[in-house]
Amino acid sequence: MTRRSDCVTLDNVAGHEHAHPVPRAGDRRWLLAALAVVLTFMAAEVVAGLFAQSLALVADAGHMLTDAAALLVAVIASGLADRPPRGAYTYGFARVDALSGQANGITLLLLAAWFTVEGVRRLIDPSAVRGGVVALVAVVGLAVNLMGTWLASHADRASLNVRGVLAHLITDVWAFVATLLAGLVVLWTGWSRADPIASLLVAALMAWTGVHLVQAAGRVFLEAAPQGLDPQELGAELAAVEGVAQVHDLHVWVLGSSAAAMSAHVLVQPAFDCHEIAASLRTRLAEGHGLEHVTLQVDHEEQQLHDADNCADAHGTVHLSPAEQP
């Protein structure tokens, strides 16, 4: 039996190191290439939209402005997120990714609101629209966005920024399809209200993308468990490992868009070694759930009363091993 004084389990055990982000300069090159493509076409689209008096084209250009901002911020944030933990920032800068993703999502929502108001105004009081110009620019824009999506897809898709950029670009693909249809309708029928209707569809796509980006960033800031990982099921799984008597004070949270951490208090049955159980649990967490930043306080079951008296906060849900369940 391992003596109680031996049951001191630190965050790192021999041979275990936490995985930190690996700098990926190649990602930034792909994102910069996509940024150059988007910026070039965005400038041309603003000029074309003003010439054709098309709100749909201007709305698309506004959406592409957020694409460009998302790409630029993704480049900057990826560089910051690669920096190792230091000073007061003991977890590093992984959440810079979520900060920029949230700002980008809020910008999308504000633009969606503005284009909705303007689109309704144009529906009530339509203006003449050059349908041929709208259709032509939409075709070019569709090709440009497909190219930008292809370039950005080569970056790390685990990043909230990159996922946001891809969502923007894919949304723009559909927006240009709507704009193309509006331009053709105006060209063939002269019905100019097709243009503000297309702009309202673009605004709806902006709002949909913005809400999802804000929600994803919110999960990071509220330290929610990673999507697809149920803390209750995880606690029950750990408690079922041979030698584990009880698991409580279990917390699992998102550090950044692609990293998570976990901590828990584990009580071990007297006949088992604390260090062996801790190593087994870490292996299971890393291989089965991708959790590599794990802090476990591991004690023998006979210390339960002592620990309960000295814990500063509530133990929360207590997960018992099958042998100890009533």
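The values are calculated or read from the model by the stated rules, or taken from the named source; none is laboratory data. Bear in mind the structure is a predicted one, so any value in this text is a computation, not a measurement. Please note: Cβ atoms are built from the backbone with ideal geometry, for glycine as well, and neighbour counts cover all protein chains shown. Heads up: the accessible areas ignore ligands, DNA and RNA and are worked out on the full protein's heavy atoms, side chains in. Shrake-Rupley method; radii C 1.70, N 1.55, O 1.52, S 1.80 Å.
Ranked highest first by average number of other Cβ atoms within 10 Å, how do 104-112, 67-75, 118-126 line up?
67-75, 104-112, 118-126
Give me the 1.4 Å probe accessible area per residue for segment 92-182, excluding ligands and nucleic acids, in Å². Please report the intermediate quantities before stating the final value.
On the way: 3930 Å² over 91 residues.
Result: 43 Å² of accessible area for each residue.
Can you tell me the relative contact order of segment 40-137? Whole percent, Cα pairs under 8 Å, sequence separation 6 or more.
Once normalised by length, the contact order is 37 percent.
Got a number for carbon plus sulfur as a percent of segment 123-264's accessible area, 1.4 Å probe?
The nonpolar share, carbon plus sulfur, comes to 67 percent.
Taking amide H positions as placed 1.01 Å from N in the peptide plane, with prolines and chain starts having none, which residues 5 or more places from Val298, or on another chain, fall under 5 Å of its amide H?
Thr9, Val266
Going highest first, how would you order 138-145, 224-231 by mean Cβ packing within 10 Å?
On the way: 138-145: 20.1, 224-231: 14.0.
Top of the packing list down: 138-145, 224-231.
Students often check this: by mean Cβ neighbours within 10 Å, which of 39-45, 29-35 ranks highest, and how do the rest follow? Walk me through the intermediate numbers first.
Details: 39-45: 17.7, 29-35: 20.9.
Highest-to-lowest ranking by the protection proxy: 29-35, 39-45.
What list of ³J(HN,Hα) values in whole Hz, one per residue of segment 172-189 in order, does the Karplus curve 6.51 cos²θ - 1.76 cosθ + 1.60 (θ = phi - 60°) give from phi, with Gly and Pro shown as x?
Going residue by residue, I get 5, 4, 5, 5, 5, 4, 5, 5, 4, 4, 5, x, 5, 4, 5, 5, 8, 10 Hz, with x marking Gly and Pro.
What are the ³J(HN,Hα) couplings of segment 198-208, residue after residue, when phi is run through the Karplus curve with 6.51, -1.76, 1.60 and θ = phi - 60°? Round to Hz, x for glycine and proline.
Whole-Hz 3J(HN,Hα) from phi for segment 198-208: 5, 5, 5, 5, 4, 4, 5, 5, 4, 5, 4.
Convert each backbone phi in segment 33-41 into a coupling constant with the Karplus relation 6.51 cos²θ - 1.76 cosθ + 1.60 (shift: θ = phi - 60°), then list the ³J(HN,Hα) values in order as whole Hz, x for Gly and Pro.
5, 5, 4, 4, 5, 5, 4, 4, 6
With Cβ to Cβ distances under 11 Å as the rule, what net charge do the other residues near Thr171 carry (K, R +1; D, E -1)?
Summing Lys and Arg as +1 and Asp and Glu as -1 gives -3.
Give the long-range amide H neighbours of Ala245: residues separated by 5 or more places, or on another chain, with amide H under 5 Å away, using H modelled in the peptide plane at 1.01 Å from N.
Leu267, Val268, Gln269
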